């Protein structure tokens, strides 16, 4: 996107990701066009909201006309910044790391895992899903040599802040945090938290409140 | 909560989970009181927003007075519905399941994993982190006998809808979905999606947009 174009809000960006999932599913089913109304129905949001979100994509956002699913998906990828490759390092070589490394969705979307690190000397030197486990002392050098922009924190909560600090010092610009801890990082480093207990708490809240999904 | 009390919005409920994380951290550090301003500073939100969110907790929400961290944490747990136990079943016995079963956060918060299921006959009968892997044909009976309210979908995306349908048919009222797929479920079943590629996409978006975390 050009710097002077309006940027989607975070809520819009989150919906753009969901529209992209729908479009990719439809594309696999052989469907070549889709309307804002189709997306609205699939996600359970209003048609006007979808049209507003898609307006960020610029000239693709022609109201009232069906979109080509391919073009719309490409426009969303561009708006989200995932039409490029994002070299990513992973800290913590446990079961979560194994699950993440086997997860096809990451390479499919351009998130290339270029380094795996652990503070435990017993894990260093092992090979996990095709990646060597390096010690934390190698982190800064390897982040720089690989050009990694993003870091994933997959360690227990008591180690999370230290790992996040090391990632920020090494120069990553974004941290995906799986530890149930609130990280304090400089403003230049974006953080997205994937606290699994929070997700389950929110599910419990919705079930208890008797809301539909 | 009483049925006639105002319920927190989903956005408020999400913040309540984050306040709870902060309060639990402070409690571990020996801190016995906290103010709405402390929570606002820790989370980077406005003081007025925090006070509005905490007002859902009823009489605990005394403005201008410091809260006892223990009381406030207990009030939040009650508002979120996590002051009880939630028996939960897990479908998909792969690496993600191993990571989830080893994750201390779930039992600590009352999410008791009571059953593990997989469609792969080679996995059925194995023991994973202390739980036996049962075939999908056992799901409905075991959901009923364990009183499971929640189900976790930890299978590849192409199997996710089928597994979610089986969970809904078995009677769970909430589904935590790790598959990168948009699930269609009856309105009586709440869904929270933990699509890890979406989280990474949102992080990439924030990094590209040059926003701070």
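On the basis of being touching a helix residue (DSSP H, G or I) at 6+ places or on another chain (Cβ under 7 Å), within 7 Å of chain B (Cβ to nearest Cβ) and outside any loop (DSSP other than H, G, I, E, B), does residue A:207 make the cut? Show your work before the answer.
Values: touching a helix residue (DSSP H, G or I) at 6+ places or on another chain (Cβ under 7 Å): no; within 7 Å of chain B (Cβ to nearest Cβ): yes; outside any loop (DSSP other than H, G, I, E, B): yes.
Against the criterion (touching a helix residue (DSSP H, G or I) at 6+ places or on another chain (Cβ under 7 Å), within 7 Å of chain B (Cβ to nearest Cβ) and outside any loop (DSSP other than H, G, I, E, B)), residue A:207 does not qualify.
Residues in the range A:17-27: is at least one farther than 29 Å from residue B:98 by Cβ, without any contact (Cβ under 8 Å) to a residue 40 or more places away in the chain, out of contact with any strand residue (DSSP E or B) (no Cβ under 9 Å at 6 or more places or on another chain) and surrounded by fewer than 20 Cβ atoms within 10 Å (Cβ to Cβ)?
The answer is no, given that none of the residues of the range A:17-27 is farther than 29 Å from residue B:98 by Cβ, without any contact (Cβ under 8 Å) to a residue 40 or more places away in the chain, out of contact with any strand residue (DSSP E or B) (no Cβ under 9 Å at 6 or more places or on another chain) and surrounded by fewer than 20 Cβ atoms within 10 Å (Cβ to Cβ).
Those residues that are buried (at least 19 other Cβ atoms within 10 Å of the Cβ) and either under 15 Å from the mean Cα position of the chain (by Cα) or in contact (Cβ under 8 Å) with a residue 12 or more places away in the chain (or both), I need them from the range B:186-213; list them, please.
If the condition is that a residue be buried (at least 19 other Cβ atoms within 10 Å of the Cβ) and either under 15 Å from the mean Cα position of the chain (by Cα) or in contact (Cβ under 8 Å) with a residue 12 or more places away in the chain (or both), then B:189, B:190, B:191, B:192, B:193, B:194, B:195, B:196, B:197, B:198 are the ones that fit.
Against the conditions (1) within 21 Å of the chain's Cα centre (by Cα); (2) touching a residue at least 12 places away in the same chain (Cβ under 8 Å), where does residue A:126 fall short? Just the number, please.
(1)
Can you confirm whether the range A:41-55 contains a residue that is within 14 Å of chain B (Cβ to nearest Cβ), at pLDDT 85 or above and surrounded by fewer than 17 Cβ atoms within 10 Å (Cβ to Cβ)?
Within the range A:41-55, one or more residues are within 14 Å of chain B (Cβ to nearest Cβ), at pLDDT 85 or above and surrounded by fewer than 17 Cβ atoms within 10 Å (Cβ to Cβ).
Residues checked against (1) at pLDDT below 95; (2) out of contact with any helix residue (DSSP H, G or I) (no Cβ under 9 Å at 6 or more places or on another chain); (3) within 14 Å of another protein chain (Cβ to nearest Cβ):
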residue	(1), (2), (3)
A:142	no, no, no
A:151	no, no, yes
A:171	no, no, yes
A:198	yes, no, yes
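Cβ-Cβ under 6 Å, sequence separation 6+ or interchain: first residue in the range A:87-115 and at the interface with another protein chain (Cβ under 10 Å from one of its Cβ atoms) and over 21 Å from residue A:196 (Cβ atoms), partner surrounded by 20 or more Cβ atoms within 10 Å (Cβ to Cβ) and at pLDDT 85 or above. Which pairs?
A:110/A:82; A:110/A:86
Looking at (1) closer than 30 Å to residue B:84 by Cβ; (2) touching a residue at least 12 places away in the same chain (Cβ under 8 Å); (3) at the interface with another protein chain (Cβ under 7 Å from one of its Cβ atoms), which one does residue A:160 not meet, given that it meets all the others?
(3)
The values are calculated or read from the model by the stated rules, or taken from the named source; none is laboratory data. All of these numbers come straight from a predicted model, not from anything done at the bench. Because the Cβ atoms are built from the backbone with ideal geometry, glycine has one as well, and the counts that use them run over all protein chains shown.
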